[in-house]
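The values are calculated or read from the model by the stated rules, or taken from the named source; none is laboratory data. Note that the structure is a prediction, hence the values are computed from the model and not measured. When we count neighbours, we look across all protein chains shown, and the Cβ atoms used for this are built from the backbone with ideal geometry, even at glycine. Quick note on the areas: whole protein, heavy atoms, side chains included, nothing else; ligands and nucleic acids left out. Shrake-Rupley method; radii C 1.70, N 1.55, O 1.52, S 1.80 Å.
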There are 2 protein chains.
Amino acid sequence: MNPILPVIAVHGGAGTITRAALNAEQEARYHEALDYVLKGGQAILEKGGSALDAVTEAVFRLEECPLFNAGKGAVFTHAGTHELDASIMDGRSLAAGAVACVKSLRNPILAARRVMEDGRHVLLVGEGAEAFARNAGLKTVPPDYYFTEARHAQWQRALSEGRFGMLEGLAAEPIDADTKMGTVGAVALDADGNLAAATSTGGVTDKRVGRVGDSPLIGAGCYANNRTVAVSCTGSGEMFIRMLAAYDVSALMEYRGLTLAEACEEVVMHKLPSIDGRGGLIAVDAQGNVCLPFNTEGMYRGHAQAGGPRQTAIYR
Amino acid sequence: MNPILPVIAVHGGAGTITRAALNAEQEARYHEALDYVLKGGQAILEKGGSALDAVTEAVFRLEECPLFNAGKGAVFTHAGTHELDASIMDGRSLAAGAVACVKSLRNPILAARRVMEDGRHVLLVGEGAEAFARNAGLKTVPPDYYFTEARHAQWQRALSEGRFGMLEGLAAEPIDADTKMGTVGAVALDADGNLAAATSTGGVTDKRVGRVGDSPLIGAGCYANNRTVAVSCTGSGEMFIRMLAAYDVSALMEYRGLTLAEACEEVVMHKLPSIDGRGGLIAVDAQGNVCLPFNTEGMYRGHAQAGGPRQTAIYR
């Protein structure tokens with residue numbers, strides 16, 4: 001048997017990202033950021049660290065980066081506030097943790113991990129989640145921490161268009177940072193053969209207060225199972241919830257015997273589009289195969305094996 | 001082709017319900033309540049109404065009944081408050097709606113249905129969900145509306161035992177209303193061949209503030225798909241989340257070709273117990289077959305075809 005070659009993949013959101021929407025300098029910034037994120041996870045895997053630690057570190061870095069819609073750089077709700085969601089799952093035990101609708105945590109992914117480690121519950125929301133995270137010693141931030149000029153302008157445009165969290169009909173627009181469905185995530189396989197997945201988001205611009213998308217929901221936006229696959233999703237969250245997109249990749253592999261690539265194709269190119277679900281996902285299976293499919297014009301993404309080159313991409 | 005015979009099934013929670021725990025009078029009250037709940041859904045189906053309307057009415061009646069842990073009669077959180085969750089799914093379109101962690105809505109299931117009908121989002125939590133429901137004209141109630149002596153005593157016992165929302169280790173206790181995992185739900189097939197599922201709960205006694213279980217999570221505690229099955233779950237919610245219990249029944253039928261009974265057996269008797277998941281579910285498939293499996297000592301349940309007798313049960 002060949003030794004397992006650890007691997008990590010990350011994403012920073014999918015959407016209508018055309019070449020016209022980003023200039024060369026902006027493109028370079030995204031590639032640089034994705035490389036830095038991958039590097040953090042890769043370093044952990046190269047030292048024999050766990051998939052769980054690798055995805056935590058990668059998503060932590062994505063949350064810290066204002067370019068991506070998670071943590072710093074999160075989008076605005078209809079009320080002009082920020083509400084963040086995150087989840088993590090351990091493919092070894094199927095243990096999982098998640099937080100949703102938190103407004104004061106610097107790194108929702110660390111709160112999700114604490115929820116998982118605590119083990120009593122899987123999902124905590126709102127003030128209860130924040131109180132739990134504070135008691136666990138996690139960093140809190142004032143509301144204006146999340147503010148970025150770019151997201152504020154995006155919200156103002158959404159407000160003026162009466163979008164109210166709707167994404168429908170936007171696919172036809174020529175460009176658009178505004179229709180990038182911002183979620184970040186990471187999946188990894190470690191040297192022990194363990195899979196893990198993590199997802200974090202600020203949600204969708206101009207969403208209703210209290211809206212929770214697929215990102216913190218196990219099986220929808222995040223899933224990991226050593227028997228099959230680790231998956232993190234990004235896209236029109238409501239459709240990913242209704243399709244159980246992340247778990248569906250696993251179920252198609254386990255129950256129908258599809259390969260990773262076939263299962264991803266079925267979910268992203270057939271099942272999600274059947275209900276107008278747009279976006280993508282990143283997946284790594286128990287053999288270390290990686291698949292990064294999306295049905296939008298672009299998805300910020302990257303992957304790297306332990307000791308291998310880091311590859312990042314934006315467009316098709 | 002035979003005409004479709006509409007059918008409804010309901011549950012009022014599963015757990016360590018032994019004959020010793022209920023006297024004859026209490027038993028009779030549960031049977032009577034379940035019969036009344038079934039009757040409401042059955043009447044809608046008999047008039048040619050939709051599965052969606054039937055499950056909404058049945059869960060509404062379960063929420064109104066103080067015997068069950070949903071709406072009036074909801075359990076207490078660790079803080080002595082009440083936080084309610086509910087979800088609904090339409091098997092025809094895979095449309096879904098849910099609310100979680102709401103504290104002032106008389107009928108969370110009606111709010112879930114409004115979220116689905118609104119169509120913008122699938123899941124709203126906390127104050128955002130409450131504001132949405134108020135704007136939709138739904139009834140609000142003061143916190144003491146949910147109070148029942150029985151649930152208060154249950155919470156006091158949990159506090160004194162330092163249980164804190166944990167269910168582990170309680171299966172061995174001889175009796176126990178306290179370990180009944182209270183969730184309510186309904187599934188139905190209507191004359192047009194449409195399936196629907198609805199689930200509502202007060203959660204688990206002494207849960208952390210902000211804890212959300214499987215009940216409002218599509219694919220975990222509630223799922224409906226005309227191609228396969230409608231499912232509503234009750235039990236140790238965290239395990240049902242990790243197993244995607246409701247959707248898994250559907251996936252096993254669709255991808256592995258199992259019958260309804262085989263899929264239910266696999267999920268309730270094998271997959272859930274593999275992670276110490278305890279509870280049960282109710283399911284009706286597209287042909288009108290009904291399955292009401294549970295791996296606990298009892299589950300409040302019932303089912304009825306249009307024009308047929310109403311059957312209710314508590315123990316194995």
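In the stretch B:29-72, which residue that is among the aliphatic types (A, V, I, L, M) and at pLDDT below 95 is farthest from the chain's Cα centre (by Cα)?
Out of the qualifying residues, it is B:L67.
What do you reckon, is B:S87 more than 7 Å from chain A (Cβ to nearest Cβ), open to solvent by 20 Å² or more (accessible area, probe 1.4 Å) and not in a helix (DSSP H, G or I)?
no
Considering only the stretch B:244-269, how many residues are surrounded by fewer than 24 Cβ atoms within 10 Å (Cβ to Cβ) and either among the acidic types (D, E) or within 17 Å of the chain's Cα centre (by Cα) (or both)?
Total meeting the criteria: 4.
So which of A:A58, A:A79, A:A100 ends up being assigned to a helix (DSSP H, G or I), in contact (Cβ under 8 Å) with a residue 60 or more places away in the chain and of a type outside the set (D, E)?
Exactly one of A:A58, A:A79, A:A100 is assigned to a helix (DSSP H, G or I), in contact (Cβ under 8 Å) with a residue 60 or more places away in the chain and of a type outside the set (D, E), namely A:A58.
Kindly list the number of the only condition in (1) surrounded by fewer than 24 Cβ atoms within 10 Å (Cβ to Cβ); (2) within 11 Å of another protein chain (Cβ to nearest Cβ) that fails for B:T77.
Condition (1) is where B:T77 drops out.
When you check B:A283 against the structure, is it within 14 Å of chain A (Cβ to nearest Cβ), open to solvent by less than 10 Å² (accessible area, probe 1.4 Å), under 30 Å from B:P3 (Cβ atoms) and outside any loop (DSSP other than H, G, I, E, B), yes or no?
Criteria not met by B:A283.
Criterion first (open to solvent by less than 10 Å² (accessible area, probe 1.4 Å), within 14 Å of another protein chain (Cβ to nearest Cβ) and of a type in the set (S, T, Y)) does A:S104 satisfy it?
No, not satisfied.
Taking the conditions exactly as written (under 18 Å from B:C291 (Cα atoms) and among the small types (G, A, S)), does B:A9 satisfy them or not?
Criteria met by B:A9.
In the stretch A:114-126, which residues are free of Cβ contacts under 8 Å to residues at least 60 places away in the same chain and open to solvent by less than 40 Å² (accessible area, probe 1.4 Å)?
The answer is A:V115, A:M116, A:H121, A:L124, A:G126.
Can you pull out every residue in the stretch B:230-244 that is facing chain A (nearest Cβ under 10 Å) and aliphatic (A, V, I, L, M)?
Scanning the stretch B:230-244 gives B:M239, B:I241, B:M243, B:L244.
In the stretch A:140-152, what residues are among the hydrophobic types (A, V, I, L, M, F, W, C) and either open to solvent by 40 Å² or more (accessible area, probe 1.4 Å) or within 14 Å of chain B (Cβ to nearest Cβ) (or both)?
Within the stretch A:140-152, A:F147, A:A150 meet the criteria.
Only one residue in A:G288, A:G277, A:G203, A:G193 is within 13 Å of another protein chain (Cβ to nearest Cβ), modelled with pLDDT of 95 or more and in a loop (DSSP other than H, G, I, E, B), so which one is that?
Selected residue: A:G277, the only one of A:G288, A:G277, A:G203, A:G193 that is within 13 Å of another protein chain (Cβ to nearest Cβ), modelled with pLDDT of 95 or more and in a loop (DSSP other than H, G, I, E, B).
Does the stretch B:127-139 contain any residue that is away from chain A (no Cβ under 12 Å), modelled with pLDDT under 95, open to solvent by less than 50 Å² (accessible area, probe 1.4 Å) and more than 24 Å from A:L217 (Cα to Cα)?
No, the conditions are met nowhere in the stretch B:127-139.
Scan the stretch B:52-65 and tell me whether some residue there is more than 14 Å from chain A (Cβ to nearest Cβ), buried (at least 20 other Cβ atoms within 10 Å of the Cβ) and farther than 19 Å from B:T201 by Cβ.
yes
Which of the residues that make up the stretch B:206-216 are facing chain A (nearest Cβ under 7 Å), assigned to a loop (DSSP other than H, G, I, E, B) and open to solvent by less than 10 Å² (accessible area, probe 1.4 Å)?
The one that is facing chain A (nearest Cβ under 7 Å), assigned to a loop (DSSP other than H, G, I, E, B) and open to solvent by less than 10 Å² (accessible area, probe 1.4 Å): B:G210.
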